[in-house]
Amino acid sequence: MYEFAYHKPSSVADAVKLLSADPEARPISGGMTLLPALKLRLNKPSSVVDLSGIAELKGVRRDGAKIVVGALTRHYDIAASAEIKAAIPALAWMASTIGDTQVRNRGTMGGSVANNDPSADYPAALLALGGTIQTDRRTISADDFFTGMFSTALEMGELVTAIHIPVPEKAGYAKMKNPASRYSMAGVFVAKGPAGVRVAVNGAGANGVFRVAQMEAALAANWSVDAVAGVKLDASGMNGDIHGSAEYRAHLVTVMAKRAVANAG
Amino acid sequence: MNVVQPFEGIGASVRRKEDFRFLAGRGQYTDDINRPGQTHAVILRSPHAHAAISGIDVSAAKAMPGVVAVFTGPDMAAENIGGLPCGWQIHNKDGSPMAEPPHPVIAVGKVRHVGDPVAVVIAESKAQARDAAEAIVVDYAPLPAVATTEAALSAGAPLVHDGAPGNLCYDWHIGDKAALDAAFARAAKVVSFETTNNRLVPNAMEPRSAIGEYDTTSGDYTLYTTSQNPHVIRLLMGAFVLHIPESKLRVVAPDVGGGFGSKIYHYAEEAIVTWASAKVKRPIKWTAERTESFMSDAHGRDHVSKAELALDAEGKILGLRVHTLANMGAYLSTFAPCVPTYLYATLLAGVYTTPVIYAEVKAVFTNTVPVDAYRGAGRPEATYLLERLMDVAAREIGMDRVEFRRKNFIPVDAFPYQTPVALQYDSGDYFATLDQALESADWKGFEARRAAAAAKGKLRGIGISTYLEACGIAPSAVVGSLGARAGLYEVGTIRVHPTGSVTVLTGTHSHGQGHETTLAQLVADRLGVPIAQVDVVHGDTAKVPFGMGTYGSRSLAVGGSAMVKAMDKIVAKGKRIAAHLMEASVEDVEFDRGTFRVAGTDKTKTLTDISLAAYVPHNYPIDEIEPGLDETAFYDPKNFTYPGGCHIAEVEIDPETGKVSMVNFTAVDDVGRVINPMIVEGQVQGGVAQGIGQALLEAAVYDASGQLLSGSMMDYTMPRADDLAPVSVATHTTLCTHNPLGVKGCGEVGAIGSPPAVMNAVVDALKGYGVRHIEMPATPAKIWNIIHGGRAMAAE
Amino acid sequence: MPQVTLTVNGSTHTVEVEARTLLVELLREKLRLTGTHVGCDTSQCGACVVHMGGDSIKSCTILAVQCEGADVTTIEGLAAADGTLHPMQEAFREYHALQCGFCTPGMVMSAIDLVNKHPAGLTEQEIREGLEGNLCRCTGYHNIVKAIAAAADVMHGKRSELARAAE
């Protein structure tokens, strides 16, 4: 990796100041995406701002009808959280399937959300559950936050501080992993909650996470595996690579939707 | 009888001696070694599959912080450095030698594959070297490239080498073409089959590494390297590349983290760090990044084949015709030419009485990483072709696939059995391994399991392969007549120390096989010395007299046999010393596991008595025998060895996703005499895992322009624990008849027998869909595509 | 140049590093703890796994400067001072769960974390899935899975096959 300066602020304000002052600065929380990119010299930041010293960004709490997850909360802690397991078991289970144990022991929800990798898991959950992303300066609904592959509504220097997730009536997740990287090739999160019935897809789309209106309508009318089984997606908006064509991914979305509904119960 | 307690000899599952250091984190792999004053090398590699280089500007790189030196191909060429040699010469059908274009250590004027070395930067740290490598300006003029054998042979294809017209390395054949044509003329049925043997990346977990060191006072060079055969590297690099006499060049292959063939070859980086260490007068370390391994380690397999099987009306095989295109990559790696010829076409008889075989092989240059031996090397390709063809043929003639095989097996009483493709099998019992495997896998109960799976919505299939391989490589005279430029004997030294402990020096090399234990067991078994008192030394040309290394399942069959010959000499000398000490005639002295006894008496001497006398020769027949008890033997085998057996795979397919899951795997192998059953089982399990990897997961994929699409572990599917299922391993032994241990070898059988068993199971699972054949790897996307009507796939 | 102070295998070290220095580089090159290996550059193989604060992590995917004040255990820190192996190390030897030994340190460190986090025990499938972050090219994993199951019994105080084998 290229050499860079290293900063470790102890407050959100200090972190934002550092990041705002330098467009080439990059925040790091778990580093599970940033560090592999730096190692391959795909990225050349002038400085890396380590958020791990900011205690206020950690932890999970229940706030009425919402779960609030601090941005620095690790996947492992989400998978193990009693609050989340009780309120949104599908989210806890999703967290337990992210990467491998060592990724889950370092990677954070805030980092994953801010990065918006099209193969990352959480964006589909937040979109389906109608979550909101709290930053140092505002709150942004998941609908507005995820703006395309590796692209979000975050401004320069803006930091995700917490994620607010309404507790649904029911939710389920299923994914097909890429055989090599084990990232999602097609993952579907289904939810019935305050935001209505929603179906969001990660991994498959050529432009990142997306919702499937037809499935949502079908499930709203009849919450059942059979309701989504008949909904076929067009391949034109899908990714294709050596592990599977766009047609295959389009097909997988339906299969994973069925399984997600079954998992949701 | 003086048996070592607890029994540690032949047949005991002794726990491994080497494990303590590996488990404690105290192994010494090449990258763990740091020499005083060491610098670090980074190789700048071509991003183009094919390009002319019109200039390289290294001035900015040389000015970067920490940079010690930068060298390019022309710098090496100016010093008359040789190209990387090829160790095997194949001849064309017309008797002319193969095309053998030069293989510069660092590219000169042209690059021929992505990853071809263009320059080396030597700096105080690896990070500095990498920073500076990016500052080198290379003026490339990209050229059209060819990535596949078909593309390379097409009319008007770009030439990889000017000296290889049509990109042809050789056009070779074996067998009696006229007799084959006659056999086909009287055939009742001919079954045709085409297949590709997918290209693989070996991916030993330890990336390659090399440290070159030059002693300015003595002029001696030392190379530490991740090699399966340090003496071979010394010979090739010293004699052909750097022109350093053996006496001035020491090659050390310390602990090596897996090889699977990929660490046999002499690689450019070894020559670069050794040569450059004398230029900069400091040690230089180079260690591959994994992504670099993908574009610089020799790949494996990559065959495209057509086969035709001629059958009589009863299902007996009359003849086999095979045409194969083999990808050599951009340059000839050390043993590349022999893989698709003498390690492949000679195996096409398999375990069957096929009376006539004719095979043609064209080896082809492409703009891809060189291809050479990978676990099994040629034999997996032959076995896969043959064992898939057997299933296809059985189905087409309506015969049960097991009965079809049984009907064509070489009978138990037919050994030694001469095949029509050069080999003479010494022993085997294919009926026994088949029956044992069918029983162990509960073949008869399969249909019930298939029905149970169907009830859950899963497609279950079972597949079998009955295979054979030729290993224990190899008789020098035979391989010499076939084009090898080296002998393939092995060397063993048994050094009995004064107090009776033993050091073994072996020319083989252990990079996971457990030689430190298995070879010590041979000593325990023969000389009665506890294995704790037997030290096995390998991997250092300064310590071990000579050796050809470890590959082709040869370590026990050839290296172990050399040790037996050396122990014969120890025992013979010991008997003469014992006869003197016990005042008996040599003919009356018997030896058994550490004890010399005058036959029919209770007069005995221990090995320690004898070794002490040999090193303190006060009461000693000094006029007749030299002091000391230290013997070396070179063993050149009389024949290859022929392990074989039966593998049965059981898979379950999720028809919705196309994902194939392994549910059972049964291996019954005849590997000859088993020295350590635990280690044999581990070798078979590991080989089977690589075979399952080839069948279901792994593929090195190039695009048409020669870019490697599966160029990292993010895209190349390495088998993980949850991709595999338990592998049941059993052995059924017939002894090798021509080596003193009766051993055949177990390192490769798993990777040879398993891919067709798995693919036969996959095809069986999909038989309701009218599938005749599926190419490896059987990925979820590919299976889904088949199930759902063969819709076009962007990826295929 | 940044400095980092951390505890490794019970000893505290203060080391000068570049900001870009990875923990594994600090361990291997500065502290000469070469038991932790590097087998890939995409954070997948797991040969570099160590424990930090009791969790298994990939030391190739964390900056040394991120480890300020951390408590790190490497493979060299597992055995007792008298050389007695950790039950996981012992089980790997007993079940022939290693061949070339290169993936072994990371595999052992991951396995210990896996067992520690499953006090109620592990099924074979859970062990296989728990090893997603570790690649082995030699063994086919079968004996690794067996070794972990046996060590789990010992680590959780159950009478195990391993203990019976040792008797």
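Observations on the model:
- As a summary of the residue check, residue C:119 satisfies the conditions (1) part of a loop (DSSP other than H, G, I, E, B); (2) out of contact with any strand residue (DSSP E or B) (no Cβ under 8 Å at 6 or more places or on another chain); (3) within 19 Å of residue B:27 (Cα to Cα) except for the one numbered (3).
- Residue count for segment A:60-77, restricted to those that are out of contact with any Lys or Arg (no Cβ under 6 Å at 6 or more places or on another chain) and within 12 Å of another protein chain (Cβ to nearest Cβ): 2.
- The sole residue among B:453, B:437 that is over 21 Å from residue B:384 (Cα atoms), at pLDDT 95 or above and assigned to a helix (DSSP H, G or I) is B:453.
- Selection from segment B:726-760 of residues that are surrounded by fewer than 22 Cβ atoms within 10 Å (Cβ to Cβ) and either within 14 Å of another protein chain (Cβ to nearest Cβ) or small (Gly, Ala, Ser) (or both): B:726, B:728, B:730, B:742
- Residue ID - nearest to the other protein chains (Cβ to nearest Cβ), chosen from residues in segment C:69-81 that are touching a helix residue (DSSP H, G or I) at 6+ places or on another chain (Cβ under 9 Å) and closer than 19 Å to residue A:31 by Cα: C:70
- Each residue in segment B:617-644 was checked for being over 19 Å from the mean Cα position of the chain (by Cα) and either without any contact (Cβ under 8 Å) to a residue 12 or more places away in the chain or under 30 Å from residue B:435 (Cα atoms) (or both), and 5 of them qualify.
- Figure legend. Inter-residue proximity from segment B:136-157: first residues polar (S, T, N, Q), second residues surrounded by 12 or more Cβ atoms within 10 Å (Cβ to Cβ) and part of a loop (DSSP other than H, G, I, E, B), beta-carbon distance below 7 Å, spacing 6+ or different chains. Indicated pairs: B:148/B:366; B:149/B:366.
- Only helices (runs of 4 or more DSSP H) whose full extent lies in segment A:71-176 are considered here, and the ones with at least 1 residues that are of a type in the set (Lys, Arg) are A:82-87, A:101-104.
- Of the residues making up segment B:687-718, those that are facing chain C (nearest Cβ under 8 Å) and within 27 Å of residue A:40 (Cα to Cα) are B:712, B:713, B:714, B:718.
- Candidate set: segment A:93-114, residues that are surrounded by fewer than 21 Cβ atoms within 10 Å (Cβ to Cβ) and not hydroxyl-bearing (Ser, Thr, Tyr); chosen: the one farthest from residue A:53 (Cα to Cα): A:93
- Among the residues listed as A:55, A:65, A:80, A:71, the single one being under 17 Å from the mean Cα position of the chain (by Cα) and outside the structural domain of residue A:11 (by TED's automatic domain parsing): A:71
- The single residue among B:461, B:514, B:483, B:500 that is at positive phi and either more than 26 Å from the chain's Cα centre (by Cα) or of a type in the set (A, V, I, L, M, F, W, C) (or both) turns out to be B:500.
- Against the numbered list (1) within 12 Å of chain B (Cβ to nearest Cβ); (2) assigned to a loop (DSSP other than H, G, I, E, B), residue C:125 comes up short only at (2).
- Residue A:156 vs. criteria of a type in the set (A, V, I, L, M, F, W, C), farther than 17 Å from residue A:98 by Cβ and either in contact (Cβ under 8 Å) with a residue 60 or more places away in the chain or in contact with a Pro (Cβ under 6 Å, 6 or more places away or on another chain) (or both): yes
- Residue count for segment B:209-258, restricted to those that are within 14 Å of another protein chain (Cβ to nearest Cβ), surrounded by 24 or more Cβ atoms within 10 Å (Cβ to Cβ) and part of a strand (DSSP E or B): 2.
- Qualifying residue in segment C:94-106 (condition: in a loop (DSSP other than H, G, I, E, B) and more than 7 Å from every other protein chain (Cβ to nearest Cβ)): yes
- No other residue among B:42, B:14 is surrounded by 14 or more Cβ atoms within 10 Å (Cβ to Cβ) and either within 30 Å of residue B:135 (Cα to Cα) or touching a strand residue (DSSP E or B) at 6+ places or on another chain (Cβ under 7 Å) (or both) apart from B:42.
- Sole residue being away from chain A (no Cβ under 14 Å), part of a loop (DSSP other than H, G, I, E, B) and touching a residue at least 40 places away in the same chain (Cβ under 8 Å), chosen from C:84, C:139: C:139
- The listed residue being farther than 30 Å from residue B:749 by Cβ and touching a helix residue (DSSP H, G or I) at 6+ places or on another chain (Cβ under 6 Å), out of B:569, B:603, B:575: B:575
- Qualifying residues in segment A:233-250 (those that are part of a helix (DSSP H, G or I) and at the interface with chain B (Cβ under 7 Å from one of its Cβ atoms)) - the one farthest from residue B:655 (Cα to Cα): A:246
- Any hit, segment C:39-49, residues being of a type in the set (Val, Ile, Thr) and within 7 Å of another protein chain (Cβ to nearest Cβ): yes
- Per-region count, segment A:38-59, residues within 17 Å of residue A:160 (Cβ to Cβ) and more than 10 Å from chain C (Cβ to nearest Cβ): 8
Here's the yes/no breakdown for (1) touching a helix residue (DSSP H, G or I) at 6+ places or on another chain (Cβ under 7 Å); (2) under 26 Å from residue B:340 (Cβ atoms); (3) free of Cβ contacts under 8 Å to residues at least 24 places away in the same chain:
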position: B:194; (1), (2), (3): no, yes, no
position: B:200; (1), (2), (3): yes, yes, no
position: B:222; (1), (2), (3): no, no, no
position: B:229; (1), (2), (3): no, yes, no
position: B:233; (1), (2), (3): yes, yes, no
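The values are calculated or read from the model by the stated rules, or taken from the named source; none is laboratory data. If you're wondering where the values come from, they're calculated on a predicted model, not measured in any experiment. Please note: Cβ atoms are built from the backbone with ideal geometry, for glycine as well, and neighbour counts cover all protein chains shown.
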